[in-house]
Amino acid sequence: MTHSSATADAFRQEVRDWLEENCPQSQRQPAVAADQFWGGRSGSFPSEDARLWYERMRDKGWVAPEWPREYGGAALDAQQARIIKQEMKRINARTPLYGLGLWMLGPALLEYGNTSQKEQHLPAIVKAETRWAQGYSEPGAGSDLASLQCRAEEHDDHFLVNGSKIWTTAADRCDWIFCLVRTSTEGKKQEGISFLLIDMHSPGVSTTPIELISGESEFCQTFFDNVKVPRENLVGELNKGWSVAKALLVHERKLMAEIGSDSPRKVVSPREAAEQYLQKDDTGKLTNTELRSQLADYDMQMHAIGLTHMRCFEERQAGVRSPAPLVMKYLGTEAEKTKSELLLKIMGSRGLGWEGDSFTDEELDTLRLWAMSKAMTIAGGSSEIQLNVIAKSVLELPQE
Ligand SMILES: Cc1cc2nc3c(=O)[nH]c(=O)nc-3n(C[C@H](O)[C@H](O)[C@H](O)COP(=O)(O)OP(=O)(O)OC[C@H]3O[C@@H](n4cnc5c(N)ncnc54)[C@H](O)[C@@H]3O)c2cc1C
């Protein structure tokens, strides 16, 4: 046993013991949307156990294990953070705090923010005092994000922001929004973009919910009407926001690549569903040969994705630059789509319920997962755009 594997094993045991002692039993099972804690001024704990679990994790620094201690983290390395994740997954421990601040803005601020921005925002995110929205997309700028038009005019000590952002998830419940704004129309369109942090309670900010086919509303359009934003809320340099935006997107896509492995839904795996819903012959084989081979394909695909995740992690640890993370968002979200389609085929009409007592929670969640899995192949950059990026920067194929 090498020194480093012995150290990792010792740390794993320490994590295991700590979780055993500190994670309440009720927090050791898959969470549905209502069980998630997103923090912020409008956030509330779904239960007392959820509060206790979050507070213990926060105090331990494990809400953001890799962040420096002064910002509320535990200053752990990537391998230790991964061990915590694995051990939490082993006992089905719920994520204590959800949030775009934690997953996306925080890591970008650690790289591009100045000291006072880090001091103001990072501890507030870990303490769940602020919830963040993402202001990237606009009605005319989704895949072609660099075409964005929301303008920020420079004044002495502030910017004046006018325009709107669309598909801003939960913006009506957020305290702050990180935004890409146009600060110049000279030169290449990517070169006139800046990255601004905007307080959602500033005069001139408003949100309108966008109703979805389900009747629920998760998205908003967020409007900025002469919103005064202090100059110190500019992250990085003026007109250089595209670099911050791209770094943040890497964190977003990494997160989305793992989406299936941290599903809040109660859905069963395709293999478990096959056991429950499909007929078998005398030898125990599924009689539906088509579904049998689709299940085998799915299992092999998931195994390959798992190995590629491990490869990405080890390459990162060894400081090797690799294109693998670029393909993970595409692979992870497409696999989740395949999974939910397979589940519906296996469950037949039992998987088509939207509400009502005649369906189990798992059955009702399957259809929601199916709808959500399609959205996930669009959010954070659609699958087609991911393939374009892979073609250009990994395979170096010609543009036309
Ligand atoms: C669940 C969810 C949450 C989201 N949350 C947020 C958020 O919080 N904040 C935010 O700013 N945005 C958010 N978005 C928006 C998301 O970033 C955009 O939907 C996405 O970038 C696609 O942009 P669009 O919707 O304008 O589609 P378009 O860009 O109009 O694309 C439409 C279709 O054309 C295809 N297409 C476009 N260009 C090309 C091309 N060059 N080559 C091949 N195909 C192409 C696309 O793949 C897509 O299928 C969210 C989206 C979803 C689904």
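Kindly evaluate Gly140 against the criterion of being out of contact with any Phe, Trp or Tyr (no Cβ under 8 Å at 6 or more places or on another chain) and over 30 Å from Ile210 (Cα atoms). Answer is no for this residue. No other residue among Ala31, Ala64, Ala50, Ala10 is in the same structural domain as Lys85 (by TED's automatic domain parsing), surrounded by 17 or more Cβ atoms within 10 Å (Cβ to Cβ) and outside any loop (DSSP other than H, G, I, E, B) apart from Ala50.
Checking each residue in the stretch 80-114 for being among the charged types (D, E, K, R) and farther than 20 Å from Ala170 by Cβ picks out Arg82, Lys85, Glu87, Lys89, Arg90, Glu111. The residue list His201, His158 contains one member that is exposed (fewer than 15 other Cβ atoms within 10 Å of the Cβ), more than 10 Å from the ligand (Cβ to nearest atom) and more than 25 Å from Ile378 (Cα to Cα), which is His201.
Considering Phe224, Phe178, the condition of being assigned to a strand (DSSP E or B), of a type in the set (Phe, Trp, Tyr) and more than 12 Å from the ligand (Cβ to nearest atom) is satisfied by Phe224 alone. Against the conditions (1) closer than 22 Å to Leu122 by Cβ; (2) under 21 Å from the mean Cα position of the chain (by Cα); (3) outside any helix (DSSP H, G or I), Lys85 satisfies every one except (3).
Output the residues belonging to the stretch 361-382 that are within 11 Å of the ligand (Cβ to nearest atom) and either in a loop (DSSP other than H, G, I, E, B) or surrounded by fewer than 17 Cβ atoms within 10 Å (Cβ to Cβ) (or both). Give the steps one after another, and end with the answer.
Going through the stretch 361-382, the residues within 11 Å of the ligand (Cβ to nearest atom) turn out to be 371-382.
Passing the criteria: Ala371, Lys374, Ala375, Thr377, Ile378, Ala379, Gly380, Gly381, Ser382.
The values are calculated or read from the model by the stated rules, or taken from the named source; none is laboratory data. Everything numeric in this text was worked out from a predicted model, so none of it was measured. Note: ideal-geometry Cβ built from the backbone for every residue, glycine included; neighbour counts use all protein chains shown.
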